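This report concerns only the one structure given below.
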Number of protein chains: 2
Amino acid sequence: MQPRVLAFDVFGTLVDWFGSIEREMQALLGQEPPNRSPAAFALAWRAGYQPAMQRVRSGELGWTRIDDLHRMILDGILPQFGLQSLDEPTRQELNLVWHRLQPWNDTADALRRLRTKYRLCTLSNGNLALLADLARHGDLSFDLILSAEVFKAYKPDPATYLGVAQVFDLKPEEVMLVAAHKDDLAAARACGCQGAYIERPAEFGPAGHKDLSRDHPFEHHARDLHDLADQLGCD
Amino acid sequence: MQPRVLAFDVFGTLVDWFGSIEREMQALLGQEPPNRSPAAFALAWRAGYQPAMQRVRSGELGWTRIDDLHRMILDGILPQFGLQSLDEPTRQELNLVWHRLQPWNDTADALRRLRTKYRLCTLSNGNLALLADLARHGDLSFDLILSAEVFKAYKPDPATYLGVAQVFDLKPEEVMLVAAHKDDLAAARACGCQGAYIERPAEFGPAGHKDLSRDHPFEHHARDLHDLADQLGCD
């Protein structure tokens, strides 16, 4: 069955959080040893992401946006990197790095190709303003920005995947999640959605490891978004 | 104070619901007398809009999207226009006329001008999929589509205007509502938002009446969106 809507994961799938944060941290951490490198900082910040969302999922925290979770994680890791004395305006500005992550090289053009044939939306745990800023910054073209913030639930909560179908008045199988993460795709599949896995081998940096195997049940496996557009018959 | 985000009302402000529905009804009602004319049909459909939302606001109906309210109103007025025998697929297709309303002539270009300087969002009682389809159909460019559907409240509920400020992490006075309806603008102003009134004299058709007076407290009064872009110093 042809999907009617493509729903895109964002962090890692459309934009390069690792490289973007590493570059921004060069000025603050350029001379530090490897365990305090800009790359280590990027990985440490991202490592706090799932545990922070888990505090919301478990009910320990009430609904909290990713901007605020990112800030809590940031405040927690700054001392490990010798940056405990960073002032408040600098912390606020640094936290907004997540609003200006660079897209992967193929992302903007391939989204335009895909959009000629499909309606495109985001489905990200990032909050709405963050996603709107990323789209403007990277010239990314969507029909609709959807976020965990709309559903007040974080992926992999079924309310998010089913929420996309409900918003567009579609059956779950008419929605295809596009993501670089097999756990996200598996949760969407459990809700009845289709899935397209995008490799993104450098998501965690040149030294990072990802399982890129084709040993998965999702409808598509693509090297990048142009490959997906080819598979979906887009011009 | 310069606004940080412009939030746009949609029906009547950006798109011409009257003319769009009148044109689509020509085929079904072209030969009928004036009280059953396409123009009368457009006005009757729209006349059901506020009462239908009031049933949601009052709690008589649970949360119901505009697509479903439009359909309830449609089913109610078809008999008055001799169309009670319209079949289900035709009714469904006709109800989607609200997803393909034509923008006013200035809308698409002026939004592009305004977007070079401001972040733009919608703030409409229309549901998300309807607004996404309108934006694609009319080539309308926003940073973010916001809807009553996100806030689960219909304008003029303060949760909608304040919701825009919260989504963008702004103070209410940093948000400017742009609308062709003074009651909408007055409700936004009561929440602390700025306002820009757009005239749209033909909103209710050539025979319709609107109060276009400048006797109002809003920060801007503009003939159309290019006029507003000029007033806001956009190239």
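The values are calculated or read from the model by the stated rules, or taken from the named source; none is laboratory data. Computed from a prediction, not measured in an experiment: that's the story for all the values here. Because the Cβ atoms are built from the backbone with ideal geometry, glycine has one as well, and the counts that use them run over all protein chains shown.
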Check: Cβ-Cβ below 9 Å, separation at least six or inter-chain, first residue in the range A:3-25 and within 12 Å of residue A:102 (Cβ to Cβ) and in contact (Cβ under 8 Å) with a residue 60 or more places away in the chain, second of a type in the set (Asp, Glu) and buried (at least 23 other Cβ atoms within 10 Å of the Cβ): which pairs?
Finding: none
Next item on the list: Determine whether the range B:203-215 contains at least one residue that is farther than 16 Å from residue B:120 by Cα, in contact with an Asp or Glu (Cβ under 8 Å, 6 or more places away or on another chain), among the acidic types (Asp, Glu) and assigned to a loop (DSSP other than H, G, I, E, B).
Entry: yes
Check: Picking from A:165, A:153, A:132, which residue would you name as being in contact with a helix residue (DSSP H, G or I) (Cβ under 6 Å, 6 or more places away or on another chain) and closer than 19 Å to residue B:132 by Cβ?
Finding: A:165
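Can you tell me which residue in the range B:165-199 is nearest to residue A:68 (Cα to Cα), limited to those that are touching a His at 6+ places or on another chain (Cβ under 9 Å) and of a type outside the set (A, V, I, L, M, F, W, C)?
Taking the candidates together, the pick is B:194.
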Checklist line | Where a residue in the range A:71-100 is surrounded by 13 or more Cβ atoms within 10 Å (Cβ to Cβ) and its partner, wherever it lies, is assigned to a loop (DSSP other than H, G, I, E, B) and of a type in the set (Asp, Glu), with Cβ under 9 Å and at least six apart | finding: A:81/A:32
Checklist line | helices (runs of 4 or more DSSP H) enclosed by the range B:89-169 - at least 3 residues per element that are modelled with pLDDT of 95 or more and within 12 Å of chain A (Cβ to nearest Cβ) | finding: B:128-138, B:148-151, B:158-167
Next item on the list: Please determine, by comparing only the residues of the range B:30-52 that are within 30 Å of residue B:159 (Cβ to Cβ) and either among the acidic types (Asp, Glu) or in contact with a Ser or Thr (Cβ under 9 Å, 6 or more places away or on another chain) (or both), which one is surrounded by the most Cβ atoms within 10 Å (Cβ to Cβ).
Entry: B:42
Notebook entry, point to check: Within the range B:174-187, can one find any residue that is part of a helix (DSSP H, G or I), surrounded by fewer than 24 Cβ atoms within 10 Å (Cβ to Cβ) and within 14 Å of chain A (Cβ to nearest Cβ)?
Noted result: yes
